[in-house]
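This report refers to the structure that appears directly beneath it.
The values are calculated or read from the model by the stated rules, or taken from the named source; none is laboratory data. Everything numeric here is computed off the predicted structure, so don't read it as measured data. Neighbour counts run over all protein chains shown; Cβ positions are idealised from the backbone, glycine included.
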Amino acid sequence: MASLRLATLAIHGSSLRDAHGSPNTPIYNTTTFAFDSTAALLDVIEGRRKGALYTRYGQNPTLFALEDTLAALEGAEAALAFASGMAASAALFLALGRGGIVCVGDAYGGTLELLGAQLPQLGITTRLLLRSELDRLDAVLAEGAGLVFFETPSNPRLELFDIAEVAAVAHAHGALVAVDNTFASPVNQRPLELGADIAMHSATKYLGGHSDLTAGALMGSRALLHQVAGWRKNLGSVLAPETAALLSRSLRTLPVRVQRHNASAQFVAEAMARHPRVARVFYPGLADAADHALATTQMHGYGGMLSIELHGSGADATRVADRLRLFALAPSLGGVESLVTQPCTTSHRDLSAAERARRGIADAMLRLSIGLEDPADLVADLEQALRPGGASAARR
Ligand code: PLP
């Protein structure tokens, strides 16, 4: 399968078929699987044969089929599917981060809470470095850490890290590298090809793509994921077969969806860059974006996420968010429908105003997840919401 291209792998990444030749792996809605003999049972338990055994262990054909496709999309040997993105991160940190974890740059709030407040309660050493402190990574790793974790592009400023560069520093200290690839999706960026050891996804976002499922995934070498699988098994955080089948269905259209997200986000970003009420647009596809050059070499597309900073106050931005009609005011991303959030009232609400300022997250910032609507309608919606006085008609 390695020589096939991404759009083909999205559809043919799993070769599992049922006895009737269905192109989709059936939903094996069962907790357990029966064997003809104890010898056959032991072959699976003792790993001599890959087979279905018990769904919580992940040994269910619906999960095998999904994981084959997930692995193929990231160019990985193997993949593990989880009940959520946080379940994937938690199992990753517990399995491979017990020697210490360094998180660089902004990350999803739940990830920061797990790393900053919860894992230290278990005696796991964690360090959170701002992007501006990246030059300290070498020194921090010299003090000892087993895992470097980061998001690129990051939330909400869409800043990039050079994956190959961070991987080189981490590997020099014997640390593993895991990249949260949720914002980019494997269509736009494949961290393993750039030197990372693990790609992590909240499959709730682009991989699922329709805001109708919650799931997570890790992709990497068989040996590394084998270590994580034991934690998934006993934390009980495997994905349910019904959701696995829904996610498998979504993956078939991932490349076409993401290409359209990319094109529409570029269109909206360029329109917002011209708008007099917009002070700044954060989108790596803009020629004057700080990370544009890196995005062009590291990514295959600039993604469907962008943020805008308005001239004015946080209250002004709240008014704009409330006036949008097509963009739903909802804290997620990556679905077919466009969403808006104001980081200071949602994802970054728990940070002090001073800390938000230190991270460059203005109160007048809005984060946009560009969906698959006609981008001209999205720009028109933004323009009416940005108009002084603005319309007040109800959202759709
Ligand atoms: N990583 C990123 C970048 C996210 O945006 C999120 C959720 O918003 C997560 C991880 C957590 O994923 P989930 O909600 O599927 O647990």
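Taking the conditions (1) within 16 Å of the chain's Cα centre (by Cα); (2) within 14 Å of the ligand (Cβ to nearest atom); (3) among the β-branched types (Val, Ile, Thr) in turn, Val258 satisfies each one other than (2). When Asp291 is tested against (1) in contact (Cβ under 8 Å) with a residue 12 or more places away in the chain; (2) more than 24 Å from Gly208 (Cα to Cα); (3) within 16 Å of the ligand (Cβ to nearest atom); (4) among the charged types (D, E, K, R), just one condition goes unmet, and that condition is (3). Across segment 67-86, the qualifying residues are those that are in a helix (DSSP H, G or I) and either away from the ligand (no atom under 16 Å from the Cβ) or surrounded by fewer than 23 Cβ atoms within 10 Å (Cβ to Cβ) (or both), and the one among them that is farthest from the chain's Cα centre (by Cα) is Asp68. Could we say that Tyr302 is in contact with a Pro (Cβ under 6 Å, 6 or more places away or on another chain), of a type outside the set (S, T, N, Q) and touching a residue at least 60 places away in the same chain (Cβ under 8 Å) here? Criteria met by Tyr302. Looking at segment 357-396, which of the residues that are farther than 28 Å from Val258 by Cα and part of a helix (DSSP H, G or I) is modelled with the highest pLDDT? Looking at the filtered set, the residue picked out is Ala357. Of all residues in segment 109-154, those that are among the charged types (D, E, K, R), surrounded by fewer than 18 Cβ atoms within 10 Å (Cβ to Cβ), within 16 Å of the ligand (Cβ to nearest atom) and closer than 25 Å to Ala289 by Cβ total 1.
In summary, Val228 fulfils each of the numbered conditions (1) within 15 Å of the ligand (Cβ to nearest atom); (2) buried (at least 22 other Cβ atoms within 10 Å of the Cβ); (3) of a type in the set (A, V, I, L, M) with the single exception of condition (1).
Just to be sure, is Gly360 closer than 25 Å to Ser185 by Cβ, in the same structural domain as Val258 (by TED's automatic domain parsing) and surrounded by 18 or more Cβ atoms within 10 Å (Cβ to Cβ)? Taking the combined requirement at face value, the residue does not satisfy it.
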